[in-house]
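The block underneath contains the structure these notes are about, expressed in structure tokens.
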Amino acid sequence: MKRQKRPFIIFSLFCCILLLKTDALLAEKIKDIQRGMSRDAFLKIYPKSSARTYRTDKKEEWLTYDYSGKENVHVVTFYFEDNQLKDWKFNDRKEVVKEYLGEYCSQGFIQHSPKIYAAIKNAFYGLPWDVFLSVTSRARPTLFTEYHYSGMGRFANSSEVYSFQDDAPSFMDGMTIIKLSTELELSDSVDAIEGIVLHEIAHRYLEHAKNKTELCRREKEANHLVKEWGFEKEFEEAKKKFGDPNDPLKEYCK
């Protein structure tokens, strides 16, 4: 019995040592940053103007920055409460998405279109890191806004983009606006809506508008890329729910 326990003890000790080394490495890479430090002291090291995304909720605040100090770590998110640094986390995709959409997604989707908002979030959760970072760049962000299929809004509506004095710079290289119909909210499939969102993100990532890519080629390339990213289920669901068998483009692009 004693001999059987030794490998487990050795393995446990090895794991503890490994974890300690990992924590020490991460702490070393973020030098001069300590839990409990004031927000003002932190911002002298990490200015808000260089943040990737951020959000506040009463006395809580989250600030995310690009990070290159460790392999496979892309971003670091710092969490503050009462103007004190409480903790930080690496590659917290869900938090980064929440911060990003708080700035660059229509409040109409966030407040009134839960399926569309869920589809946008799910698309961002599943994108490869390099793609996600590219299409959510502050220098050229991807915005999500709605157009209405009923009421006076189907004739004309407006969206507004505004900034505050302490906001980090944005739109230096332009922007991509993805316009989603509010009719999508009537669908019973979030996956199908996600397939639509991913198709539009693929256009942005492939720079179809910027490169003035020929129409049929851009549609085929976007569809292929969505499946290459691993979203074949969402693609097929979107095709089933929203595809039009009488679409003249289908015949034209054969």
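FYI, it's all coordinate maths here, none of it is from the lab. Remember, it's a predicted structure, so these values are computed and weren't measured experimentally. Don't worry about glycine lacking a Cβ; one is built from the backbone with ideal geometry, like all the others, and counts go over all protein chains shown.
Tabulated values for the structure
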| item | result |
| --- | --- |
| Percentage of interatomic Cα-Cα distances in region 35-91 larger than 19 Å | 22 percent |
| Extended-chain gain in nm, criterion 0.36 nm per residue less alpha-carbon gap, ASP82 and GLN111 | 7.8 nm |
| Positive-end residue, the chain charge dipole about Cα centroid, Cβ charges, pick of SER189, TYR149, SER113 | SER189 |
| Cα-centre dipole for the chain with unit charges at Cβ (Lys and Arg positive, Asp and Glu negative), debye to 20 | 1120 debye |
| Cβ-based exposure ranking for LEU198, LEU127, LEU225, in which fewest neighbours within 10 Å come first | LEU225, LEU127, LEU198 |
| Those chymotrypsin sites (Phe, Trp or Tyr not before Pro) in region 150-254 that DSSP places in a loop and that have at most 15 other beta carbons within 10 Å | PHE155, TYR162, PHE164, PHE171 |
| Cβ-Cβ FRET estimate between ALA41 and VAL73, R0 fixed at 25 Å, reported to 0.05 | 0.60 |
| Sites PHE164 and ASP66 - FRET efficiency at Förster radius 22 Å, r taken between beta-carbons, to 0.05 | 0.55 |
| Extended-chain gain in nm, criterion 0.36 nm per residue less alpha-carbon gap, SER134 and GLU232 | 33.1 nm |
| Descending principal axes extents, the chain, alpha-carbon based, whole Å | 72, 56, 34 |
| Sites excluded, GluC sites (Glu not before Pro) in DSSP loops with at most 14 other C-beta within 10 Å, longest stretch of the chain | 72-159 |
| Over 18 Å (Cα to Cα) - which of LYS121/LYS240; LYS94/LYS121; LYS31/LYS89; LYS59/LYS86; LYS121/LYS233; LYS115/LYS220 fall in this group | LYS121/LYS240; LYS115/LYS220 |
| Kirkwood hydrodynamic radius (C-alpha pairs) into Stokes-Einstein, region 19-130, 20 °C and 1.002 mPa s, D in µm²/s | 141 µm²/s |
| When the convex hull of its Cα atoms is projected in every direction, mean area for region 85-153 (nm²) | 6.2 nm² |
| For region 85-236: rounded, prolate or oblate by the Cα gyration tensor [a/c cutoff 1.5] | rounded |
| Mean ellipticity per residue at 222 nm, deg cm²/dmol - from DSSP H runs of n ≥ 4 across the chain, formula -39500 (n - 2.57) | -14500 deg cm²/dmol |
| Net charge, LYS239 excluded, C-beta distance under 13 Å - Lys, Arg +1, Asp, Glu -1 | -4 |
| Cβ-derived FRET efficiency at R0 22 Å, LYS58 paired with ILE33, nearest 0.05 | 0.40 |
